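Here the structure comes first, spelled out in structure tokens, and everything after it is commentary.
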Amino acid sequence: MVAVPKQVAGNSMLGNSSILGDVKCNSYLLFHGETALGNGLRGFLYFLGLAYCFIGLSAITARFFRSMENIVKHSRTVVEVDPHTNTEIIKQEKVWNYATADITLLAFGTSFPQISLATIDAIRNIGNLYAGGLGPGTLLGSAAFDLFPIHAVCVVVPKAGELKKISDIGVWLVELFWSFWAYAWLYIILEVWTPKVVTIWEALLTVLMYGLLLIHAYAQDKRWPYISLPITRGERPEDWVPAEVASVSCEDDVYDSIYRKVPAAEDSVESSNRPFQKEINLEDLHVLQLWKKQFMDALTLESPESRKLNNAHLWVARILWQSLLAPWRLLFAFVPPYQIAHGWIAFICSLLFISGIAYIVTELTDIISCVTGINAYVIAFTALAAGTSWPDLVASKIAAERQLTADSAIANITCSNSVNIYVGIGIPWLINTAYNFITYGEPLRIENAEGLGFTLMVFFSTSVGCISVLVVRRLILGAELGGPRFWAWVTSVFFMLLWLIFVVLSSLRVSGVI
């Protein structure tokens, strides 16, 4: 007997019922009793839950970024022989180069909420001939959020008059090319090559293109002949991210104080007979002290900054905000300190927490669409795109503040957009197409492919305007970020207008208004 696929083209996510209408939604998040509440109240509560999940994403982002910094700082000892003096030269060499770190750790890590959400949506959708709309809609909306609002924030982050430019234009052009090609490729799949259908080979090629991006950017960074562009690289600081002044000094104090306490513990260790065991015990003490401090910080509502506030209203607001963050901070305190294993354990654990939050966000979005009747693509373009792109925003803002150049801040934007398509859409489509091909011998069908194609065209048009402004700033002001305050804010406002144009036109199209 041949299995019959579930041909459910329209589901609650893509429903066109009236907003907050009388249609009863039987879906619920925790308890069946939720269905007894009115649609308006349920929608309000679920939106609050969605916002709280986004606060959780912002809380885990700082820990994720710290672990990523520790990974990039890792170096190895290299021994070279001087051909003239025949003497050995010992030096420290970075394990990660800038281009690889920007494309893999930074872009992939900050895009992980979108990737997790799209993958979860695909797994839940296994067995349907039609792809889910939540993943692609979120990733396209996230691309627009990355390109416009994040550029708008980064351009005003530097201090007044401070200019931060891209030092390696060659690598940025390679990343920009693959970013634009990602959306051109998506349009070819949806509208030209196999309209409204995705085959397993198209999905596989989409994923493999991420590898091509990585190889091409690395070749440009190393200036491989015949592959790289003949563009001179500007100077860039040795450290990927310079040390912070405030937060790092605080952590360093803790780090040093631990080691000042270590000799006191030596009396209890038989150092003469077990030197190796002594070293392990000291390291364990160091890790446990740091881990303990994470939990103490999570349970402390009043920080040194709040104690300095003279305004009672600001003090109360800060305490309330810290109380709101406390559950998330306590949960994320279980992430091991980033000093362990060069930050890899903390990096992976942070991604696991992000995946968990993404799953809750997926469930909430389904219920919100069911309760309110709002098209899931509209929710994806707006709320989900902005919320899941928060790590992108925070990471680019931190890089724009702390790095001496604009490379990583802007590379995170362009590379995240590439990762969104090649990995964020490619892997979910590969999962669904492989299942459909093996089980039914059928490809994956895309509902509302015309709407997605229109969204891609709008994105192309507005992105050309964004990149053109960056080029003009480079030619006139000498840098992409910063500069005179007036022109920085003018640029920021223009980028936000481009984002509003994208959101409005795309939402109207997928909703059938235009």
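The values are calculated or read from the model by the stated rules, or taken from the named source; none is laboratory data. Because the structure is a prediction, the values reported are computed rather than measured. Neighbour counts run over all protein chains shown; Cβ positions are idealised from the backbone, glycine included. Remember, those area values only see protein heavy atoms, side chains included, never the ligands or the DNA or RNA. Shrake-Rupley method; radii C 1.70, N 1.55, O 1.52, S 1.80 Å.
In this structure, is Phe459 at pLDDT 85 or above, open to solvent by 40 Å² or more (accessible area, probe 1.4 Å) and part of a helix (DSSP H, G or I)? For Phe459, the condition - at pLDDT 85 or above, open to solvent by 40 Å² or more (accessible area, probe 1.4 Å) and part of a helix (DSSP H, G or I) - is not met.
For the stretch 299-326, what are the residues that are at pLDDT 65 or above, in a helix (DSSP H, G or I), over 21 Å from Gly49 (Cβ atoms) and not aromatic (Phe, Trp, Tyr)? Once the filter is applied, which keeps residues that are at pLDDT 65 or above, in a helix (DSSP H, G or I), over 21 Å from Gly49 (Cβ atoms) and not aromatic (Phe, Trp, Tyr), the stretch 299-326 yields Leu299, Ala312, His313, Leu314, Val316, Ala317, Arg318, Ile319.
In the stretch 431-446, how many residues are over 26 Å from the mean Cα position of the chain (by Cα) and crowded, with 18+ Cβ neighbours inside 10 Å? Walk me through how you get there before you give the answer.
Taking the stretch 431-446 and keeping what is over 26 Å from the mean Cα position of the chain (by Cα), we get 434-445.
When the remaining residues are screened for being crowded, with 18+ Cβ neighbours inside 10 Å, the result is 435-436, 443-444.
The qualifying residues number 4.
Among residues belonging to the stretch 141-180 that are in contact with a strand residue (DSSP E or B) (Cβ under 6 Å, 6 or more places away or on another chain) and surrounded by fewer than 24 Cβ atoms within 10 Å (Cβ to Cβ), point out the one that is farthest from Met209 (Cα to Cα).
Glu162
Does Val510 satisfy the criteria of being over 23 Å from the mean Cα position of the chain (by Cα), surrounded by fewer than 21 Cβ atoms within 10 Å (Cβ to Cβ) and of a type in the set (A, V, I, L, M)?
No: the conditions fail for Val510.
Beta carbons closer than 9 Å, at least 6 apart along the sequence or on distinct chains, pair a first residue in the stretch 80-109 that is farther than 21 Å from Ala341 by Cα with a second that is part of a helix (DSSP H, G or I) and open to solvent by 60 Å² or more (accessible area, probe 1.4 Å) for Ala99/Tyr218; Ala99/Lys222; Ile103/Tyr218. In the stretch 349-372, the residues that are under 18 Å from Ser67 (Cβ atoms) reach residues that are in a helix (DSSP H, G or I) and charged (D, E, K, R) with C-beta atoms within less than 7 angstrom, at least six apart or across chains, in these pairs: Ser350/Arg63.
Highlighted here are the helices (runs of 4 or more DSSP H) found entirely within the stretch 327-426 that include at least 3 residues which are open to solvent by less than 10 Å² (accessible area, probe 1.4 Å) and farther than 30 Å from Val197 by Cα: 344-372, 390-402, 407-419. Among the numbered criteria (1) aliphatic (A, V, I, L, M); (2) at pLDDT below 60; (3) open to solvent by 50 Å² or more (accessible area, probe 1.4 Å), which single criterion is violated by Ile258? Unmet condition: (3). Can you find a residue in the stretch 317-324 that is hydrophobic (A, V, I, L, M, F, W, C) and touching a residue at least 60 places away in the same chain (Cβ under 8 Å)? Within the stretch 317-324, one or more residues are hydrophobic (A, V, I, L, M, F, W, C) and touching a residue at least 60 places away in the same chain (Cβ under 8 Å).
Only a single criterion out of (1) closer than 21 Å to Thr414 by Cβ; (2) part of a helix (DSSP H, G or I) is not satisfied by Trp96, namely (2).
Evaluate the following for Arg63: is it open to solvent by 60 Å² or more (accessible area, probe 1.4 Å) and touching a residue at least 40 places away in the same chain (Cβ under 8 Å)? Break it down into steps so the answer makes sense when it comes.
On the way: open to solvent by 60 Å² or more (accessible area, probe 1.4 Å): yes; touching a residue at least 40 places away in the same chain (Cβ under 8 Å): yes.
Answer is yes for this residue.
If only residues of the stretch 190-208 that are in a helix (DSSP H, G or I) and open to solvent by 70 Å² or more (accessible area, probe 1.4 Å) are counted, the one that is modelled with the lowest pLDDT is Val192.
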